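Q: Mind having a look at this structure? Questions to follow.
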Amino acid sequence: MAWAAAIGVGVCAFAAAQAIASGAAGGVVSLSARTIDGEVYVKASSLTNALGGSGSYDAATKTYRYEPGESTADLIEKAGPSVVAIIGKPDTNALRSSDRFALTHGSGVVVSADGWIVTNAHVIESMKEIIVLAHDEKQYKPTKVFKDAASDLALLKVSATGLAPAAFADSDQVRPGETAIAIGTPVNFSLRNSATVGVISGVNRSVNSTYRLLQTDAAINPGNSGGPLLNASGEVVGINTLKFVDVSVDNTGFSIPANTVAYIVDHLKKYGAVKRAYVGFELEESWEAVVGLSTSKPMTVTYVDPASPAAKAGVKKGDALYSIDQAKVVTKVDLNEKLKSYMPGTKVTVTMLSGGDIVQRTIPLQDQP
């Protein structure tokens, strides 16, 4: 990260003006900057992350060339073929099966050209006679359906070729303030491929979720579930999953980060289920962690499976967990995020406080019960 090799204030102002004129007219753009010898410098990556487009630095001429990205309208049009609508009958006795208008719907994203589609687990959880409607209005019935309630993701396979797969971004690079575009089928099935635009409001959010979520103020309504959240380059940064609903709450929606989606989709395609690793004991978070305060207080062991490798390794109720393979974990979401990189059977080293002593124990991970 060389700030001197980024762009000076004069160049930045010109480039930002170009970008705003092409895709964010009338908008105010805030970029990370640093002052060096009285001059303001902005990282080139901050510009492209916030406004899209691309840039290159010529060391010989010491100039930075910025090329504005596509307009928001262009991005939405380009992403459209990768977004599908999903509709079916709710599988419930509360509704008359003869009522042909008793339908439920959601959205989905094409993962691969040969018919793999990702959506939310809750979209299809109680849905029967599922129909996937592609951008070209072709209808498909899924031949395979895999669901993972813990992540709220599902994977459908339809008999199709030549679908337009979405491009997925590295969601670990997403930052608050970046452009966010939600596409889906809100409220009514006739509103397919509706788009709303906002920003990434926050990252690493935990909202009664197994993994961290992205927060956005782009409007997400019933039916948007399973649809994509795009960045300024038109890449999927997340799959829309839920929102806060209250008379006093506005535009507080959440998306499952693209990297988590990739992890879940990979397992569902390979195994038909997610092979989660489990440490063999249950944990309780500190009060600070529960209410969302930053804390270094460890989690406390509340239960140890007596038949688990953890018990055999000496883990006891009342022990405090500090880290797994030197990665600090203070919340259950921290733990789940860390365990995404392990398969059952892998050995990990946990650092714990036990009986007043800091100890390290090597534990083979189990299958999640």
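Residues are listed down the side, and each one gets a yes or a no for (1) in a strand (DSSP E or B); (2) at pLDDT 95 or above; (3) surrounded by fewer than 19 Cβ atoms within 10 Å (Cβ to Cβ):
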{"site": "223", "(1), (2), (3)": "no, no, no"}
{"site": "238", "(1), (2), (3)": "yes, yes, no"}
{"site": "241", "(1), (2), (3)": "yes, yes, no"}
{"site": "247", "(1), (2), (3)": "no, no, yes"}
{"site": "251", "(1), (2), (3)": "no, no, yes"}
{"site": "254", "(1), (2), (3)": "yes, yes, no"}
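Q: Shifting gears a bit: Identify, please: which residue in the stretch 158-167 is more than 15 Å from the chain's Cα centre (by Cα) and open to solvent by less than 50 Å² (accessible area, probe 1.4 Å) and is, among those, nearest to residue 234 (Cα to Cα)?
A: 164
Q: With (1) modelled with pLDDT of 85 or more; (2) among the hydroxyl-bearing types (Ser, Thr, Tyr); (3) out of contact with any helix residue (DSSP H, G or I) (no Cβ under 9 Å at 6 or more places or on another chain) as the list, and residue 63 as the residue in question, which single condition is left unmet?
A: (3)
Q: Read through the list (1) open to solvent by 50 Å² or more (accessible area, probe 1.4 Å); (2) closer than 20 Å to residue 207 by Cα; (3) in a loop (DSSP other than H, G, I, E, B), then give the number of the only condition that residue 290 fails.
A: So residue 290 meets the others, but not (3).
Yes/no matrix, rows are residues, columns are (1) under 30 Å from residue 147 (Cα atoms); (2) β-branched (Val, Ile, Thr):
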site	(1), (2)
246	yes, no
261	yes, yes
272	yes, no
277	yes, no
304	yes, yes
307	yes, no
312	no, no
318	no, no
340	yes, no
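Q: With a cut-off of at least 2 residues that are in contact with a helix residue (DSSP H, G or I) (Cβ under 9 Å, 6 or more places away or on another chain) and under 19 Å from residue 244 (Cβ atoms), name the strands (runs of 3 or more DSSP E) lying wholly within the stretch 110-220.
A: The strands (runs of 3 or more DSSP E) meeting that bar are 194-205, 213-216.
Q: Sticking with this structure for a sec: Which numbered condition in (1) touching a residue at least 60 places away in the same chain (Cβ under 8 Å); (2) aliphatic (A, V, I, L, M); (3) open to solvent by 30 Å² or more (accessible area, probe 1.4 Å) is the only one that residue 155 fails?
A: All conditions pass for residue 155, except number (3).
Q: Being at pLDDT 95 or above and among the hydroxyl-bearing types (Ser, Thr, Tyr) is the requirement here; does residue 210 meet it?
A: Spelling it out, it is not the case that residue 210 is at pLDDT 95 or above and among the hydroxyl-bearing types (Ser, Thr, Tyr).
The values are calculated or read from the model by the stated rules, or taken from the named source; none is laboratory data. These numbers come from a predicted model, not from an experiment. Cβ atoms come from the backbone with ideal geometry, glycine included; neighbour counts cover every protein chain shown. For accessibility, only protein heavy atoms count, side chains too; no ligands or nucleic acids. Shrake-Rupley method; radii C 1.70, N 1.55, O 1.52, S 1.80 Å.
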